[in-house]
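Here's the structure we're looking at; comments come further down.
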Amino acid sequence: MLITNIKGLVGVHPKNQLFLRGSELDQLPVLEKAWLLLENGLIKDFGLMSDLRTPEVNLEVVNAEGRFVFPSWCDSHTHIVFAAPREEEFALKIVGKTYEEIAAAGGGILNSAAKLQKATEDELFDSASIRLRDMIKQGTGAVEIKSGYGLTVESELKMLRVIKRLKAAFPIPIKATLLAAHAYPTAFKDNHQGYIDLIIHKLLPQVAAENLADYIDVFCEKGFFSLEETAQILSAAKQYGLLPKIHANQLSVSGAAELGVAHQAVSVDHLEETDDKVLTKLSTSNTIATLLPSCSFYINIPFANAKGLIENNAIVALASDYNPGSTPSGNMNFVVSLGCIKLKMTPQQAINAATLNGAAAMQIGHEMGSIAVGKKANLFITRPMTSLAYLPYSFGQSQIENVILNGDFYHA
Ligand code: NIG
Ligand code: FE
């Protein structure tokens with residue numbers, strides 16, 4: 001396929017640029033009046049229209065006059081395998097209940113776990129597929145998916161097997177994360193060590209034997225998993241080669257981000273509550289700070305200090321956090337808009353954070369996240385737009401006209 005007359009070919013970073021740190025995030029190279037050639041599912045070449053030689057006759061030529069071509073969004077933090085939405089909590093939030101209050105009253109994660117334990121693998125696969133198709137139509141071309149609504153050995157495995165099926169069924173890169181340490185199940189409310197032992201001695205060996213996870217995650221937070229408990233789980237998972245991507249500093253300044261860095265986490269995610277220590281730690285570390293502004297928006301908690309992180313030279317990524325409790329949306333266009341509007345990132349920074357740095361947070365920066373020769377041809381073509389900034393500016397509306405995955409149009 002040859003795409004011609006592209007108004008702006010976005011994110012033509014050098015191929016060896018695998019992530020963007022600090023002020024590097026300002027650099028979003030855009031080639032104006034460009035063409036892009038896709039072959040065998042990969043980006044074969046690109047250049048200026050003025051330099052285009054007459055294309056071969058059997059090429060499919062797509063005229064993108066007035067349109068921008070973006071590398072697909074890389075959504076590095078989601079929980080899209082779940083049995084049922086939780087609109088009942090939506091109403092409670094509106095009348096003033098906090099996320100913590102709802103969880104403490106038996107809502108929240110435990111509520112989702114009770115429903116998931118009753119659902120079949122097929123049901124979970126079908127509902128997650130619908131969510132994933134919607135996300136792809138909204139421009140997502142790579143995704144990470146967590147377990148964490150099982151909370152028993154069997155149900156956590158069931159979730160991970162669903163993710164394995166999604167990996168096989170969908171034409172995009174998918175990473176799986178074991179998040180059994182998402183909440184203490186009621187049976188282990190007063191026996192935390194019992195549940196941790198179950199994860200370490202029963203679940204992890206099985207997950208490794210079936211090769212069901214790429215990463216380990218823990219919800220390290222007051223009322224959930226303490227620093228010591230988190231450290232135990234991360235250390236055990238390391239024996240199986242699972243690097244951490246942890247839920248850190250979502251509701252309180254807890255030391256979770258520093259713990260993640262100490263355990264060489266690929267990313268520490270959320271960071272709505274940060275202090276100078278977090279900024280300093282992330283300024284010299286390769287651990288990515290993954291910010292989830294849709295979560296702040298939906299549960300009305302502070303927005304992360306993106307500017308502080310960028311000024312302190314951290315690697316900042318944006319992701320959706322799509323889940324039934326804190327973020328019932330996987331729309332990365334909206335995430336990028338919120339990145340600009342609420343995190344005060346420039347459109348260039350937000351787009352980089354949702355593409356190349358999102359890919360880096362899934363360790364796929366070599367094949368996704370930018371327009372470079374040899375990378376996967378996962379991208380989207382916008383409607384005609386006046387400028388690049390129009391995409392985040394027109395929040396809540398999709399500017400995506402066509403999605404291309406592995407070099408072919410995607411029709412859900
Ligand atoms: O990332 N905070 C922990 N996990 C999810 C929410 C889970 C839920 O409420 O179901 C999050 O926000
Ligand atoms: Fe999350």
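The values are calculated or read from the model by the stated rules, or taken from the named source; none is laboratory data. Since we're looking at a predicted model, the values are computed, not measured. Reconstructed Cβ throughout: ideal geometry from the backbone, glycine too, with neighbour counts over all protein chains shown.
Is there a residue being within 16 Å of ligand 2 (Cβ to nearest atom), free of Cβ contacts under 8 Å to residues at least 60 places away in the same chain and out of contact with any Gly (no Cβ under 9 Å at 6 or more places or on another chain) anywhere in the range 303-320?
Yes: one or more hits.
Could you check the range 215-230 and list, in sequence order, the residues that are within 12 Å of ligand 2 (Cβ to nearest atom) and not hydrophobic (A, V, I, L, M, F, W, C)?
Scanning the range 215-230 gives 217, 221.
Let me confirm something: among 53, 67, which residue is on the phi < 0 side of the Ramachandran plot, touching a Pro at 6+ places or on another chain (Cβ under 8 Å) and not assigned by TED's automatic domain parsing to the domain that holds residue 312?
Numbers: 53 fails: touching a Pro at 6+ places or on another chain (Cβ under 8 Å).
The unique qualifying residue is 67.
Within the range 262-282, identify whether any single residue is without any contact (Cβ under 8 Å) to a residue 60 or more places away in the chain and closer than 25 Å to residue 399 by Cβ, and answer yes or no. Show your work before the answer.
Narrowing the range 262-282 to residues without any contact (Cβ under 8 Å) to a residue 60 or more places away in the chain: 262-265, 268, 270-282.
Next, from what is left, pick out any that are closer than 25 Å to residue 399 by Cβ: none.
Looking through the range 262-282, none of the residues is without any contact (Cβ under 8 Å) to a residue 60 or more places away in the chain and closer than 25 Å to residue 399 by Cβ.
Residue-by-condition table, conditions (1) buried (at least 16 other Cβ atoms within 10 Å of the Cβ); (2) more than 16 Å from ligand 1 (Cβ to nearest atom):
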residue	(1), (2)
96	no, yes
99	yes, no
129	yes, yes
154	no, yes
159	yes, no
162	yes, yes
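Would you confirm, using the coordinates I've provided, whether residue 109 is among the β-branched types (Val, Ile, Thr), part of a helix (DSSP H, G or I), within 16 Å of ligand 1 (Cβ to nearest atom) and out of contact with any Lys or Arg (no Cβ under 8 Å at 6 or more places or on another chain)?
Details: among the β-branched types (Val, Ile, Thr): yes; part of a helix (DSSP H, G or I): yes; within 16 Å of ligand 1 (Cβ to nearest atom): yes; out of contact with any Lys or Arg (no Cβ under 8 Å at 6 or more places or on another chain): yes.
In short, yes.
Of the residues that make up the range 20-27, is at least one in a loop (DSSP other than H, G, I, E, B), surrounded by fewer than 23 Cβ atoms within 10 Å (Cβ to Cβ), assigned by TED's automatic domain parsing to the domain that holds residue 351 and more than 16 Å from ligand 2 (Cβ to nearest atom)?
no
Need at least 2 residues that are surrounded by 21 or more Cβ atoms within 10 Å (Cβ to Cβ) and within 16 Å of ligand 1 (Cβ to nearest atom) per element, so show me which helices (runs of 4 or more DSSP H) inside the range 251-308 make the cut, counting only ones lying wholly within it.
Counting at least 2 such residues, we get 256-262, 293-299.
Before we move on, is residue 72 more than 16 Å from ligand 2 (Cβ to nearest atom) and in contact (Cβ under 8 Å) with a residue 60 or more places away in the chain?
Here the answer is yes, as residue 72 does meet what is asked.
I need a count of the residues in the range 202-230 that are in contact with a strand residue (DSSP E or B) (Cβ under 9 Å, 6 or more places away or on another chain) and either of a type in the set (A, V, I, L, M, F, W, C) or part of a strand (DSSP E or B) (or both). Can you show your working first?
If we filter the range 202-230 for residues that are in contact with a strand residue (DSSP E or B) (Cβ under 9 Å, 6 or more places away or on another chain), which is where we start, we get 203-204, 207, 212-221, 224-227, 229-230.
From what is left, the residues that are either of a type in the set (A, V, I, L, M, F, W, C) or part of a strand (DSSP E or B) (or both) are 203-204, 207, 212-213, 215-220, 224-225, 227.
The total comes to 14.
Check off (1) surrounded by 22 or more Cβ atoms within 10 Å (Cβ to Cβ); (2) out of contact with any helix residue (DSSP H, G or I) (no Cβ under 6 Å at 6 or more places or on another chain) for residue 80 and give me the number that stays unchecked.
Answer for residue 80: the failing condition is (2).
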